[in-house]
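Chemist: Sharing a structure, written as structure tokens. Questions coming.
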Amino acid sequence: MTDHLMIPLQITERQTTYSCPFMEIYHRRAQFDGFAKDYYVVSFKRRGGIVAVQNGNVLLVRQYRFLINGHSWELPGGTIEDAENMEHGLIRECFEETGVRPRRLQPLVVYYPGLDNVDNRTTVFYSENVEIAGPFKGNPAEVSQIAWIPFDTCLQMVFSQQILDAMTVSGLLAYDHVSRQRNISGRRA
């Protein structure tokens, strides 16, 4: 492979083309040997989610999503502020959305939804030790419903395209892998 040929010789300074409290869009030009590429990047804050498991069931939240113009079952989670510890932020998000407090978080998967133009580092943890710490207080602007869904049903929902959210798909598939690696296939927390 000749990867060394694909490293830019020069990259221009970051130029913000749009900014709001939720995201920034910026442009950078990368000059390679013989050609240049323009990169327009949508940058979000860090994001994370929790695969919360209790008695073989996974906690999912139901939210309206604009791009599908409908409701989506997803892992609890959301934006984690820059100054906030990722694990503490995810515990806070899960509790605020569901009334459930996950404990003893275990790292599961880290990914970017795209490596050219979407800067949204996403971290997913799992917890098989959860506490119902408060009542669910639905908020249609955020979470309208919660449910404990059998893990195998969650996987079926992924493969039948009933779950489309990338964080949820990645988290569920990664948890399935971890479960199988622990030699407890068929029996999950």
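The values are calculated or read from the model by the stated rules, or taken from the named source; none is laboratory data. Computed from a predicted structure; not experimentally measured. No Cβ is skipped: glycine too gets one built from the backbone with ideal geometry, and neighbour counts run over all protein chains shown.
Chemist: Determine, yes or no, whether Tyr18 is among the hydroxyl-bearing types (Ser, Thr, Tyr), within 14 Å of Asn117 (Cβ to Cβ) and surrounded by 12 or more Cβ atoms within 10 Å (Cβ to Cβ). Break it down stepwise before answering.
Modeler: Values: among the hydroxyl-bearing types (Ser, Thr, Tyr): yes; within 14 Å of Asn117 (Cβ to Cβ): yes; surrounded by 12 or more Cβ atoms within 10 Å (Cβ to Cβ): no.
So Tyr18 fails the test.
Chemist: Taking segment 159-174 as the search range and keeping residues that are of a type outside the set (Phe, Trp, Tyr) and over 15 Å from the mean Cα position of the chain (by Cα), which one is nearest to Pro76 (Cα to Cα)? Talk me through it step by step, then tell me what you get.
Modeler: Within segment 159-174, the subset of a type outside the set (Phe, Trp, Tyr) is 160-174.
Filter once more, so that each one left must be over 15 Å from the mean Cα position of the chain (by Cα): 160-162.
Details: Ser160: 21, Gln161: 19, Gln162: 17 Å.
Among them, the one singled out is Gln162.
Chemist: Residues that are on the phi > 0 side of the Ramachandran plot and either at pLDDT below 95 or not in a strand (DSSP E or B) (or both): does segment 8-30 have at least one?
Modeler: Initial filter on segment 8-30 (on the phi > 0 side of the Ramachandran plot): none.
No: segment 8-30 contains no residue that is on the phi > 0 side of the Ramachandran plot and either at pLDDT below 95 or not in a strand (DSSP E or B) (or both).
Chemist: Keeping to segment 144-173, report how many residues are assigned to a loop (DSSP other than H, G, I, E, B) and modelled with pLDDT of 90 or more. Even if it seems obvious, please write down each step before you answer.
Modeler: Looking only at segment 144-173, we keep the residues that are assigned to a loop (DSSP other than H, G, I, E, B), and these are 144, 160-165.
From what's left, modelled with pLDDT of 90 or more: 160-165.
Total satisfying the criteria: 6.
Chemist: May I pose another question? Report the residue count in segment 74-104 for those that are under 20 Å from Ala166 (Cα atoms) and in contact with a Cys (Cβ under 6 Å, 6 or more places away or on another chain).
Modeler: 1
Chemist: Let me ask another. Go through (1) free of Cβ contacts under 8 Å to residues at least 24 places away in the same chain; (2) polar (S, T, N, Q); (3) in contact with a strand residue (DSSP E or B) (Cβ under 7 Å, 6 or more places away or on another chain) one by one and return the number of the condition Ser170 breaks.
Modeler: (1)
Chemist: Suppose we keep only residues that are crowded, with 18+ Cβ neighbours inside 10 Å and assigned to a helix (DSSP H, G or I) within segment 174-189. Which one would you say is modelled with the lowest pLDDT?
Modeler: Step by step, filter segment 174-189, then rank; the result is Ser179.
Chemist: Hey, any hits in segment 124-143 for a residue that's assigned to a strand (DSSP E or B), in contact with a Cys (Cβ under 7 Å, 6 or more places away or on another chain), surrounded by 15 or more Cβ atoms within 10 Å (Cβ to Cβ) and of a type in the set (A, V, I, L, M, F, W, C)?
Modeler: Keep residues of segment 124-143 that are assigned to a strand (DSSP E or B), which gives 124-127, 129-132.
Filter again for in contact with a Cys (Cβ under 7 Å, 6 or more places away or on another chain), leaving none.
No, the conditions are met nowhere in segment 124-143.
Chemist: Taking the conditions exactly as written (surrounded by fewer than 17 Cβ atoms within 10 Å (Cβ to Cβ), over 13 Å from the mean Cα position of the chain (by Cα), more than 21 Å from Gly134 (Cα to Cα) and outside the structural domain of Pro140 (by TED's automatic domain parsing)), does Tyr64 satisfy them or not?
Modeler: No.
Chemist: Do we have Arg121 as at pLDDT below 95, among the basic types (Lys, Arg), in contact with a strand residue (DSSP E or B) (Cβ under 8 Å, 6 or more places away or on another chain) and outside the structural domain of Met23 (by TED's automatic domain parsing) here? Let's see the steps before the verdict.
Modeler: On the way: at pLDDT below 95: yes; among the basic types (Lys, Arg): yes; in contact with a strand residue (DSSP E or B) (Cβ under 8 Å, 6 or more places away or on another chain): yes; outside the structural domain of Met23 (by TED's automatic domain parsing): yes.
Spelling it out, Arg121 is indeed at pLDDT below 95, among the basic types (Lys, Arg), in contact with a strand residue (DSSP E or B) (Cβ under 8 Å, 6 or more places away or on another chain) and outside the structural domain of Met23 (by TED's automatic domain parsing).
Chemist: Determine which single condition His88 fails, assuming it passes every other condition in (1) surrounded by 12 or more Cβ atoms within 10 Å (Cβ to Cβ); (2) within 15 Å of Gly49 (Cα to Cα).
Modeler: Result: His88 fails condition (1) only.
Chemist: When you look at Gly77, is it under 22 Å from Arg121 (Cβ atoms) and of a type outside the set (Lys, Arg), yes or no?
Modeler: Considered against the rule, which asks whether it is under 22 Å from Arg121 (Cβ atoms) and of a type outside the set (Lys, Arg), Gly77 comes out as yes.
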